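Below: the structure, in structure tokens.
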């Protein structure tokens, strides 16, 4: 039998293993059955964790490390990607991510996106003239003001004094002054990678939907929303066009709106952009089997999460697709409708989430073995 070609396009198992590591483990399981199998690995992400790795790996780029401010102003090192054609790939979470600070009400008011501006400035210093910004996993709700400050925009109160960093600063905002904006911005293309479609304000906006998970007391959101609304009004007065209502404006606590307003960024659907960037369609065309996956698969996965983006492309080319997941919901009808033929969870026996995570290195190869055996069984049938 001719060795099958298997394409791996798996999202990270958050809290457990990176996309690249999960794919290494799946390949190890495949080779238990077919040592000579042809396996192509394509780490994927949807704009959040793993986006830099996915695109840098596919485009043969390199990792740069920059000193930036974390959400509360401490100095940290944050990585971003850079390719030979001058494209930088930034994950905003590397500088302003939710894993970098505790989610308390105090931190939620003070957390800033300044570090994202640091990364953008460093990328331009390295010659980048096209900057991709993944907007997942933020700790911030400052409307992107910190990012813009780092790039030279001034945000002033009615006395003409700079406002504090973080959401708290929006309370006193009266004037936006762009005269000091880094002039290189005008010659740089910005692309926002996100699957979040929320506007900046309102019941589906940045504060109402995502504020509580960042530490904002849910009962206080209504008191804070007018700060964001006033900021949105000033922002639109400044740029002379609607910004706050754009799909994705509320991504990363409003960073999406600021990047559109100050950097003329365009918003791209996260997983679709990444899959195009890494050339997954071409890879699938030559595959016999596609294996994707994520940490947990449930009904929400059908709403455009990374593995479903992969499954849809496999289905379009008539290729079988299997998902390996840490855990799954009981009802996955919507997921199967999108092109997955089989979902394989890691657990071999009753075990807690912690136990499953601890045994990732053991369980993922077993799942990879199961996936290739199921494929071979189908060939016999």
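The values are calculated or read from the model by the stated rules, or taken from the named source; none is laboratory data. As the structure is a computational prediction, the values presented were derived from the model and not from experiment. Quick reminder, even Gly has a Cβ in these numbers, built from the backbone with ideal geometry, and neighbours come from all protein chains shown.
What is the one condition in (1) outside any loop (DSSP other than H, G, I, E, B); (2) under 23 Å from residue 157 (Cβ atoms); (3) at pLDDT 95 or above that residue 201 does not satisfy?
(1)
Kindly indicate whether any position in region 318-325 is without any contact (Cβ under 8 Å) to a residue 24 or more places away in the chain, within 18 Å of residue 24 (Cβ to Cβ) and out of contact with any strand residue (DSSP E or B) (no Cβ under 8 Å at 6 or more places or on another chain).
At the first step, the residues of region 318-325 found to be without any contact (Cβ under 8 Å) to a residue 24 or more places away in the chain are 318.
Narrowing the set further to residues that are within 18 Å of residue 24 (Cβ to Cβ) leaves none.
No, there is no match, as no residue in region 318-325 is without any contact (Cβ under 8 Å) to a residue 24 or more places away in the chain, within 18 Å of residue 24 (Cβ to Cβ) and out of contact with any strand residue (DSSP E or B) (no Cβ under 8 Å at 6 or more places or on another chain).
Anything in region 256-297 that is at positive phi and either in contact with a strand residue (DSSP E or B) (Cβ under 6 Å, 6 or more places away or on another chain) or buried (at least 20 other Cβ atoms within 10 Å of the Cβ) (or both)? List them, or say none. It would help to see each step written out before you state the result.
Filtering region 256-297 for residues at positive phi gives 264, 279, 293.
Once the filter is applied, which keeps residues that are at positive phi and either in contact with a strand residue (DSSP E or B) (Cβ under 6 Å, 6 or more places away or on another chain) or buried (at least 20 other Cβ atoms within 10 Å of the Cβ) (or both), region 256-297 yields only 293.
Looking at (1) assigned by TED's automatic domain parsing to the domain that holds residue 15; (2) at pLDDT 95 or above; (3) crowded, with 24+ Cβ neighbours inside 10 Å, can you tell me which one residue 316 breaks?
In the conditions (1) assigned by TED's automatic domain parsing to the domain that holds residue 15; (2) at pLDDT 95 or above; (3) crowded, with 24+ Cβ neighbours inside 10 Å, residue 316 misses (3) alone.
Going by the structure shown, is residue 29 at negative phi and either out of contact with any helix residue (DSSP H, G or I) (no Cβ under 6 Å at 6 or more places or on another chain) or without any contact (Cβ under 8 Å) to a residue 24 or more places away in the chain (or both)?
Values: at negative phi: yes; either out of contact with any helix residue (DSSP H, G or I) (no Cβ under 6 Å at 6 or more places or on another chain) or without any contact (Cβ under 8 Å) to a residue 24 or more places away in the chain (or both): no.
Answer is no for this residue.
Taking region 178-198 as the region of interest, how many residues are farther than 27 Å from residue 273 by Cα and in a helix (DSSP H, G or I)?
Residues that pass the stated criteria total 1.
Residue-by-condition table, conditions (1) within 17 Å of residue 262 (Cα to Cα); (2) touching a residue at least 60 places away in the same chain (Cβ under 8 Å); (3) surrounded by 22 or more Cβ atoms within 10 Å (Cβ to Cβ):
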position: 76; (1), (2), (3): no, no, no
position: 79; (1), (2), (3): no, no, no
position: 93; (1), (2), (3): no, no, yes
position: 97; (1), (2), (3): no, no, yes
position: 104; (1), (2), (3): no, yes, no
position: 112; (1), (2), (3): yes, no, yes
position: 118; (1), (2), (3): yes, no, yes
position: 129; (1), (2), (3): yes, yes, no
